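Read-outs throughout are calculated quantities, based only on the coordinates presented, and are distinct from any laboratory measurement. Note that the structure is a prediction, hence the values are computed from the model and not measured. Please note: Cβ atoms are built from the backbone with ideal geometry, for glycine as well, and neighbour counts cover all protein chains shown.
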Amino acid sequence: MTRAATIALLSRSPAPESAALLAALPVPVVLLDGEDGFRHANPAAEQFFGLSSSQLMQMRLQDLVPADNPVFLLIDQARHSLITIADHELTLEGPRLHKPGITVQATPLPEERGAVLLVLQDASAARALDRRMNFRGAARSLTGMAAILAHEVKNPLSGIRGAAQLLEASVPEADRELAVLIRDEADRIRALIDRMEDFGEKPIERSGVNIHRVLEHVRRLAQKGFAPHIRFNELYDPSLPHVWGNRDQLVQVLLNLVKNAAEAITGLEHDSNGEITLTTAYQHGMRLAVPGSAARIHLPLVVSVRDNGPGIAEDMLAHLFEPFVTTKPAGSGLGLPLVAKIIGDHGGLIEVDSRPGRTEFRLHLPMLADGG
Ligand SMILES: Nc1ncnc2c1ncn2[C@@H]1O[C@H](COP(=O)(O)OP(=O)(O)O)[C@@H](O)[C@H]1O
Ligand SMILES: [Mg+2]
């Protein structure tokens, strides 16, 4: 969040939309007053401290972390230098708190004497998560950004658009083209923001989903639309249990994967040999440890989309799920981040294998009986 936006948010008592914006941030954020008393805590912060916001409002940071913790030094430095100061690998430890490896960022709010905004990030947990899990992080960072963009950009943008439209009617013919250009470009930004809003934190509604019907639907859409010449192979396990998921979101995921596969193939010279293989399988004993906890997730359903296109370059692989990463002239680079976000919301995992002639995206998903 930009500093200006933060200050605008917190210097007033939080208006409903700014509370929603703060609540959407996946990162713990608290506002302290001049005595280190809690003045504001977002839901991620409540979770971090294991206390409700109203409990925190009765407390000071010293009640949770002993006064000799280096975090207080950091806060004081920020207070006195009036600039944002960050420290890494701090351990926030007290009678009811044990949080090693925290990156703390302290930002003073000059409008309010002594007030400091703290952003707390658990870096150790992020590192411990394996690479597949980390794909989720890329999409999460977009969640907060999408909320800010929607909030901060949409209104001025519709002002710009409206003004351009008025100009269109009144300027001389020769300048009309420029006014139209402004309107069209404003529409393009608007469309981008709308797409980014797909990343917002909405609770997902789940039920038992027949993944074969979803795949069938996606294949038909592809063949009628963007992949008329591509051959589809379907290798389905007919006894596969239902997925515990959201049907429409799973359509979105598979459509994005199939579209990428088709676009990779269409880039080939001999696209008449293009082939996409859709596979479903039940994987016994697929239980994964969740780092830092005793929990195991059970993801027995595997759905894969494979193509015989040119493959993904090695240096692309590491950034594949990050927003705006694209190799296509008109690509948005938002397809795979959305896939990662949705699969993450489902508690699932994604694996990618790619070499020339064989690229496969494998989704590991939870099954109905386990979830509900
Ligand atoms: N099946 C695939 N084969 C080759 N490259 C792929 C495949 N799927 C994704 N990619 C690469 O990943 C990039 C990001 O994909 P995506 O997030 O869907 O954005 P976009 O499709 O808009 O470029 C693509 O530009 C492409 O380089
Ligand atoms: Mg795409």
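Points worth noting:
- Other residues whose C-beta falls under 12 angstrom from the C-beta of Arg176 contribute a net charge of -3, scoring Lys and Arg +1 and Asp and Glu -1.
- Between region 302-362 and region 74-104, the Cα center-to-center distance that results, in Å: 36 Å
- Diffusion coefficient, µm² s⁻¹, Stokes-Einstein with Kirkwood Rh over alpha-carbon pairs of region 183-272 at 25 °C and 0.890 mPa s: 158 µm²/s
- Listed cross-link partners Lys202/Lys259; Lys224/Lys341; Lys224/Lys259 are compared with a 21 Å cut-off, the Cα-Cα value being larger for Lys202/Lys259; Lys224/Lys341.
- Computed magnitude of the charge dipole of region 190-261 (debye, nearest 20; Cβ of K, R +1, Cβ of D, E -1): 300 debye
- Computed over the alpha carbons of region 207-371, Rg followed by Dmax gives 15.7, 50 Å.
- A Förster radius of 56 Å combined with the Cβ-Cβ distance from His242 to Glu173 puts the calculated FRET efficiency at roughly 0.35.
- Neighbour net charge for Arg188 - beta-carbon separation under 14 angstrom, K R +1, D E -1: +1
- Label-point separation, Ala20 to Ala369 (7 Å along Cα→Cβ), nm: 4.1 nm
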